[in-house]
Amino acid sequence: MKKAKFKSELNIPENIKILKLGFVNAYLIKEKGEFILVDTGLSGKWPKLENKLIDTGCLPDKLKLVIVTHGDSDHIGNCRILQEKYKVKIAMQADDQAIVKSGFSGKRKVKPILMRIMFFVSEFFRLYKLIGRAKEFTPDFYLKDGQGLKDYGLAASIIHVPGHTKGSIAVLTDAGDLFIGDTMANFKQPRWSHIIQDEKDLEQSREKLKVQNIKIVYPGHGRPFLMADLKEYPNP
């Protein structure tokens, strides 16, 4: 198998910081001295996340908003403590509130086989409390498709991209930076999600994103990549 060749090197803007929290990414966006955080990682990564946010000057009082791309526990794990300890506002799409409440991902199609095994093992561990489940929280408000974020100092908008989950969303800045959660990933090469709640929804989300002005994609798992590279190396 040939190693994938990509179009060019990435130039990540200086105002975007990648927070690697184990196998999950969170992203911190700085605008005019204040911050927006996209996703929060697993609850067990709280000390690492808190230290990173303090080191950047984001905490204790400059984090304006946390945007949750979807309700899975590896993305919402530190929402409640951010609300309780730092009074941070949390926003997400309403359709994933059931996942937040139950702590479980629900029925999904998983491919390939190795990813399927990993997914069901993690669900089993959560069921029997062998790994931490995210604490339930109540979002301060819900985000809608097309909603702008200028009130929070960010020239960006929300795109509803169901497929991985019903409530999956992305944040697209006017500059073309797309924070996509688990709708895309980039391990060996950029690709669409392996874990799918609704294939028809995902296909519609793919078509929706293809017409957007997207330059760099920031996935929940794996490395950021150029949108052009995803088009060059689509799902098999």
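Values in this text are rule-based calculations from the coordinates and carry no lab data. All of these numbers come straight from a predicted model, not from anything done at the bench. Every residue, glycine as well, gets a Cβ built from its backbone with ideal geometry; the counts of neighbours run over all protein chains shown.
Within region 153-186, whose backbone N sits under 16 Å from a point 7 Å along Cα→Cβ of Asp140?
Under cut-off, by backbone N: 153-154.
Quick one: what are the phi-derived ³J(HN,Hα) couplings along region 216-226, Karplus 6.51/-1.76/1.60 with θ = phi - 60°, whole Hz, x for glycine and proline?
10, 9, 10, x, x, 9, x, 8, x, 8, 6
HN-Hα J couplings of region 183-193 from phi, Karplus 6.51/-1.76/1.60, θ = phi - 60°, integer Hz, Gly and Pro as x?
Residue by residue, region 183-193 yields 5, 9, 8, 8, 9, 7, 7, x, 7, 6, 4 Hz.
Only bridges whose two residues both fall in region 150-236 count here: according to DSSP, what percent of them are antiparallel, nearest 5?
Within region 150-236, antiparallel bridges account for around 70 percent of the total.
Rounded to the nearest 0.05, what FRET efficiency do Ala175 and Asp55 give with R0 = 35 Å and r taken as the Cβ-Cβ distance? Could you check?
With a Förster radius of 35 Å, E is 0.90.
List the trypsin sites (Lys or Arg not before Pro) in region 148-236 that DSSP assigns to loop (not H, G, I, E or B) and whose Cβ has at most 13 other Cβ atoms within 10 Å. Which are they?
Filter output for region 148-236: Lys188.
Pick out, in residue order, every one of the chymotrypsin sites (Phe, Trp or Tyr not before Pro) in region 167-236 that is DSSP loop and has at most 13 other C-beta atoms within 10 Å; say none if there are none.
Answer in residue order: Phe187.
Can you compute the modelled spin-label distance between Ala228 and Glu31, with each label point 7 Å from Cα toward Cβ, in nm?
Each label point lies 7 Å from its Cα, and together they span 2.6 nm.
Quote the FRET efficiency, to the nearest 0.05, computed for His221 versus Leu10 with a Förster distance R0 of 25 Å and r equal to the Cβ-Cβ distance.
FRET efficiency, His221 to Leu10: 0.90.
Could you give the alpha-carbon Rg of region 16-232 over 2.2 N^0.38 Å, rounded to two decimals?
0.94
Taking amide hydrogens as modeled 1.01 Å from N in the peptide plane, which residues meet the under 5 Å criterion relative to Lys89, leaving out close sequence neighbours?
For Lys89, whose amide H was placed from the backbone, the distant partners under 5 Å are Val66.
Of Lys62/Lys135; Lys20/Lys144; Lys87/Lys200; Lys87/Lys109, which ones are farther than 31 Å apart at the Cα?
Among Lys62/Lys135; Lys20/Lys144; Lys87/Lys200; Lys87/Lys109, the Cα-Cα distance tops 31 Å for Lys87/Lys200; Lys87/Lys109.
Mind listing the long-range amide H neighbours of Gly181? Cut-off is under 5 Å, sequence gap 5 or more, other chains count too, H placed in the peptide plane at 1.01 Å from N.
Gly220
Only loop residues by DSSP count here, and only those with at most 15 other Cβ atoms within 10 Å; note down the GluC sites (Glu not before Pro) in region 7-73 that meet that.
Of the GluC sites (Glu not before Pro), the ones in loops of region 7-73 whose Cβ has at most 15 other Cβ atoms within 10 Å are Glu9, Glu14.
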